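Rule-based calculations on the coordinates, nothing more; no lab input. None of these values were measured; they are calculated from a predicted model. Using ideal geometry, Cβ is built from the backbone for each residue, glycine included, and neighbour counts are taken over all protein chains shown.
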Amino acid sequence: MEYMCRVFGLAEGNEWFGRNKEVDLTNQFELKTKRIDIDFHVNEGLLSDQDIKNRLRHLENFPIPYCIKSMPPQFTNTIESVKLPLEQRIEVAQDILKDFDLIWFKNEDKISHFCYELTCIRCSSAGYPRPREYGIYDSEKRVTPPENSFTATVEDFDKFMRREEFTDAVMKTFTCPVVTYDDFVKNQDQEIQRIADYYDLQMQDVYKIPVIHNPDYRNIFTNYSEIEKWFTQYQR
């Protein structure tokens, strides 16, 4: 997203609706966030519905073009709304997103995405000595996890699939550019051009940050073959 913001001259608001971000709403000319150390294994420290409204209002009044990264489940992962019926949560997310110009970034290699997420959760948790080392977008700081250092659980898998299905259900009503991880890795320029053409945006010639590929997780996860079976046998 950082690269896209530079190409299109957009202000960047990363993870604007995440519970792991403290948002500074005091300056109407900035999209300023600060990372908060949380335990990603438990759904605690939730925002309130009013927090979501306040962050939306800041965007509504923001004076220059911007781009934010968000995930549809974040809009109702709040103290008041987390236990709403599924269909109602989907409707809330759709009602919020309909007011934005959307780009849907997807990783179609679900197994790699799942494994990457679990490694990121561990190194993003409170007290971890080298924050985000398995997922940071800085090639000099990015580290490949040691062999046999992770084991996934069925609970991890179920949580991942619930979020994937929720996002699919929310996004099915929208027509927007869909950019896959593989396509972006193969040709960043082509994918950025598609977005520019779709929204009639002017592009700037800026330097690229090399895309860091996910590692081969087969030797990193002790039960990788079991993970493959979960995805192969899964039925919606």
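Sorting 115-127, 169-181 by average packing, meaning the other beta carbons within 10 Å per residue, from highest down gives 115-127, 169-181.
The 3J(HN,Hα) values that the Karplus relation (6.51, -1.76, 1.60; θ = phi - 60°) gives for segment 88-105 are, in residue order, 5, 5, 4, 5, 4, 5, 5, 5, 6, 6, 5, 8, 10, 7, 9, 10, 9, 9 Hz. Gly and Pro appear as x. Label-to-label distance for GLU147 and THR180 is 3.1 nm, based on points extended 7 Å past Cα in the beta-carbon direction. What the Kirkwood sum gives for segment 48-206 is a hydrodynamic radius of 18.3 Å, with every pair of different alpha carbons counted. The Rg/Rh ratio of segment 16-87, with Rg taken over Cα atoms and Rh as the Kirkwood radius over Cα pairs, comes to 0.97.
Taking amide hydrogens as placed 1.01 Å from N in the peptide plane, the amide H of GLY18 sits under 5 Å from that of no residue at least 5 positions away in sequence or on another chain. Applied to segment 121-126, the Karplus parametrisation 6.51 cos²θ - 1.76 cosθ + 1.60 on θ = phi - 60° returns per-residue 3J(HN,Hα) values of 4, 4, 8, 9, 7, 4 Hz, with x for Gly and Pro.
Magnitude of the charge dipole for the chain, about its Cα centre and with charges confined to Cβ atoms of Lys, Arg (+1) and Asp, Glu (-1), is about 280 debye. Here's how it looks for ASN223: its modeled amide H is under 5 Å from those of ALA152, which are all 5 or more places away or on a different chain. Charging the Cβ of each Asp and Glu at -1 and of each Lys and Arg at +1, and nothing else, the dipole of segment 114-216 about its Cα centre rounds to 340 debye. Extent of segment 100-152 along its three principal axes (Cα atoms, max minus min coordinate, largest first): 38, 22, 21 Å.
Here each label is just a point 7 Å from Cα along the line to Cβ, and for ARG130 and ASN223 those points are 2.7 nm apart. Averaging the Cα positions of each part gives two centres, and for segment 1-77 and segment 78-134 these lie 13 Å apart.
Cross-link pairs exceeding 31 Å in C-alpha to C-alpha distance, out of LYS69/LYS208; LYS98/LYS229; LYS53/LYS208; LYS69/LYS159; LYS34/LYS208; LYS34/LYS141, comprise LYS98/LYS229; LYS53/LYS208. One chain, two ends: VAL154 and LYS32. Fully extended at 0.36 nm per residue, the span grows by 40.3 nm beyond their Cα-Cα distance.
Projecting the Cα atoms of VAL211, GLY135, SER70 onto the charge dipole of the chain, computed from C-beta unit charges around the Cα centre, puts GLY135 farthest toward the positive end. The simple spin-label model puts a point 7 Å past each Cα toward its Cβ; for SER48 and ASP138 those points are separated by 3.5 nm.
The listed peptides 68-75, 202-209, ordered by packing as a protection proxy, come out as 68-75, 202-209 (highest mean of other Cβ atoms within 10 Å first).
Excluding THR33 itself, calculate the net charge of residues whose Cβ lies under 9 Å from the Cβ of THR33, where each Lys or Arg counts +1 and each Asp or Glu counts -1. Its environment carries a net charge of +1. Only beta bridges with both residues in the chain are counted; by DSSP, about 30 percent of them are antiparallel. In this structure, the amide hydrogen of PHE105, modeled 1.01 Å from its nitrogen in the peptide plane, lies closer than 5 angstrom to those of VAL179, counting only residues at least 5 positions away or on a different chain.
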